[in-house]
Amino acid sequence: EKDNGIQVVFGPGKVDEVGRAFSNLTGIPLGSVSEDEDDVRELAKENKKENKAKHSGPVQHFLEHIANIFVPLLPGIIAAGLINGLSIVINVASNNAYQWDWWYQAIRTMGWGLFTFLPIYVGFNAAKEFKGTPILGGIIGAMSIAIPSMPLLLADKTHSVLLPITGKAFNPGTGGLLAALMMGIIVAYIERAVNKYMPNLFKSFFTPLLTLIISAFLSVLIIQPLGEVLTNGIYYIMNFMYTSLGVVGGY
């Protein structure tokens with residue numbers, strides 16, 4: 001019971017079917033309000049305000065941002081994950097019988113495309129969520145993709161591009177998705193900071209340019225090594241739970 005009526009919760013998927021059935025029975029389009037529209041809008045605003053007050057802590061805000069970054073990616077992650085899983089089963093069961101068939105490899109490419117370029121999508125959504133320019137987040141997310149043609153991975157028999165501080169070659173996968181996520185957020189803040197001091201005449205050209213240059217140095221020198229530490233820490237904890245805690249770890 002809620003206020004002067006009853007609220008019925010069906011859950012995602014089912015609610016669409018029920019909504020369409022009611023729409024067909026009543027002739028009222030989904031989402032429309034047939035009477036007392038102003039009262040309903042006021043009530044909706046009031047309910048929204050109450051819910052915000054209940055869930056307005058910093059942790060809730062942070063989790064809401066993270067959800068807004070990843071939830072739009074879930075359909076792709078689910079589909080690509082199923083494609084990859086089924087491909088492995090088919091390969092084992094058929095002894096790679098379809099390896100040279102175009103239709104099979106076209107389907108597999110969809111799974112490869114999602115997980116190979118996932119850092120770009122995460123960086124894009126992170127910048128967008130934190131009120132930056134999405135494409136700048138996508139570009140900085142590309143720093144976490146191990147593609148041989150990446151200029152930072154340039155190498156021959158005697159030379160490779162070495163980083164300062166460590167003196168080692170760049171490894172784009174070290175920070176994983178965490179680095180792409182953090183850099184997508186940071187790009188948004190850097191862009192706003194640069195934009196604040198940039199004369200209007202030059203904003204269109206130099207704000208994105210400086211944002212990306214600053215972000216590239218931050219990503220390679222600080223954020224990706226930090227992402228590596230965090231990723232290794234998560235792996236260590238999960239591995240310990242799974243290998244050392246028996247049934248409890250399994251659950």
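The values are calculated or read from the model by the stated rules, or taken from the named source; none is laboratory data. These numbers were taken from a predicted model, which means no experiment stands behind them. In this analysis, Cβ positions are derived from the backbone assuming ideal geometry, glycine residues included, and neighbour counts consider all displayed protein chains. Just so you know, the surface numbers come from the protein's heavy atoms only, side chains and all, with ligands and any DNA or RNA stripped out. Shrake-Rupley method; radii C 1.70, N 1.55, O 1.52, S 1.80 Å.
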Task: Selection within segment 138-158 - of a type in the set (Val, Ile, Thr), within 20 Å of Gly113 (Cβ to Cβ) and free of Cβ contacts under 8 Å to residues at least 60 places away in the same chain - done: Ile145, Ile147
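Based on what the data block shows, is Lys203 open to solvent by 50 Å² or more (accessible area, probe 1.4 Å) and in a loop (DSSP other than H, G, I, E, B)?
no
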Open item on the list: Condition (residue is closer than 23 Å to Val229 by Cα and out of contact with any Leu (no Cβ under 8 Å at 6 or more places or on another chain)) applied to segment 93-113: is it met by at least one residue?
Closed with: no
- [ ] Kindly indicate whether Leu152 is farther than 29 Å from Val71 by Cα and modelled with pLDDT of 95 or more.
- [x] no
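For segment 116-125, name all the residues that are in contact with a Pro (Cβ under 9 Å, 6 or more places away or on another chain) and open to solvent by less than 50 Å² (accessible area, probe 1.4 Å). Outline the logic, then answer.
Looking only at segment 116-125, we keep the residues that are in contact with a Pro (Cβ under 9 Å, 6 or more places away or on another chain), and these are 119, 121, 123-125.
Pro119, Gly123, Asn125 - these are the residues of segment 116-125 that are in contact with a Pro (Cβ under 9 Å, 6 or more places away or on another chain) and open to solvent by less than 50 Å² (accessible area, probe 1.4 Å).
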Task: Odd one out for Phe217, checked against (1) open to solvent by less than 80 Å² (accessible area, probe 1.4 Å); (2) within 12 Å of Met143 (Cα to Cα) - done: (1)
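Condition test on Val59, is it out of contact with any helix residue (DSSP H, G or I) (no Cβ under 8 Å at 6 or more places or on another chain), modelled with pLDDT of 90 or more and surrounded by fewer than 10 Cβ atoms within 10 Å (Cβ to Cβ)? Break it down stepwise before answering.
Working: out of contact with any helix residue (DSSP H, G or I) (no Cβ under 8 Å at 6 or more places or on another chain): yes; modelled with pLDDT of 90 or more: no; surrounded by fewer than 10 Cβ atoms within 10 Å (Cβ to Cβ): yes.
So Val59 fails the test.
Does Ala216 satisfy the criteria of being small (Gly, Ala, Ser) and in contact with a Lys or Arg (Cβ under 9 Å, 6 or more places away or on another chain)? Working first, answer last.
Working: small (Gly, Ala, Ser): yes; in contact with a Lys or Arg (Cβ under 9 Å, 6 or more places away or on another chain): no.
It is false that Ala216 is small (Gly, Ala, Ser) and in contact with a Lys or Arg (Cβ under 9 Å, 6 or more places away or on another chain).
Has segment 188-200 got at least one residue that is out of contact with any strand residue (DSSP E or B) (no Cβ under 8 Å at 6 or more places or on another chain), under 22 Å from Phe117 (Cα atoms), of a type in the set (D, E, K, R) and assigned to a helix (DSSP H, G or I)?
Pass one, segment 188-200, residues out of contact with any strand residue (DSSP E or B) (no Cβ under 8 Å at 6 or more places or on another chain): 188-200.
Within this subset, residues satisfying the condition of being under 22 Å from Phe117 (Cα atoms) are 188.
With of a type in the set (D, E, K, R) added as a condition, the list becomes none.
The answer is no; no qualifying residue exists.
Residue by residue, here is whether (1) of a type outside the set (Ser, Thr, Tyr); (2) closer than 30 Å to Thr207 by Cβ holds:
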site: Gln99; (1), (2): yes, no
site: Tyr121; (1), (2): no, yes
site: Thr133; (1), (2): no, yes
site: Ser144; (1), (2): no, yes
site: Gly175; (1), (2): yes, yes
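One line per residue, one yes/no per condition, for (1) open to solvent by less than 70 Å² (accessible area, probe 1.4 Å); (2) closer than 23 Å to Val71 by Cα; (3) modelled with pLDDT of 70 or more; (4) touching a Pro at 6+ places or on another chain (Cβ under 6 Å):
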site: Val15; (1), (2), (3), (4): yes, yes, yes, no
site: Phe22; (1), (2), (3), (4): no, no, yes, no
site: Pro29; (1), (2), (3), (4): no, no, yes, no
site: Ser32; (1), (2), (3), (4): yes, no, no, no
site: Glu37; (1), (2), (3), (4): no, no, no, no
site: Lys54; (1), (2), (3), (4): no, yes, no, no
Task: Number of the condition not met by Ala97 [criteria: (1) aliphatic (A, V, I, L, M); (2) modelled with pLDDT of 75 or more; (3) open to solvent by less than 60 Å² (accessible area, probe 1.4 Å)] - done: (3)
Open item on the list: Any residue at all in segment 75-90 that's among the aliphatic types (A, V, I, L, M), at pLDDT 80 or above, surrounded by 10 or more Cβ atoms within 10 Å (Cβ to Cβ) and not in a helix (DSSP H, G or I)?
Closed with: no
TODO: May I ask you to verify whether Leu212 is open to solvent by 50 Å² or more (accessible area, probe 1.4 Å) and either at negative phi or in a helix (DSSP H, G or I) (or both)?
DONE: no
- [ ] Mind telling me which of the residues Ala126, Ala169 ends up being small (Gly, Ala, Ser) and over 16 Å from the mean Cα position of the chain (by Cα)?
- [x] Ala169
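Which residue is most open to solvent (accessible area, probe 1.4 Å), if the candidates are limited to segment 131-168 and must be among the β-branched types (Val, Ile, Thr) and farther than 24 Å from Ile185 by Cα?
First, pick out the residues of segment 131-168 that are among the β-branched types (Val, Ile, Thr): 133, 135, 139-140, 145, 147, 158, 161, 165-166.
Applying the additional criterion that residues be farther than 24 Å from Ile185 by Cα yields 158, 161, 165-166.
Numbers: Thr158: 110, Val161: 48, Ile165: 159, Thr166: 86 Å².
So, considering only residues that are among the β-branched types (Val, Ile, Thr) and farther than 24 Å from Ile185 by Cα, the one most open to solvent (accessible area, probe 1.4 Å) is Ile165.
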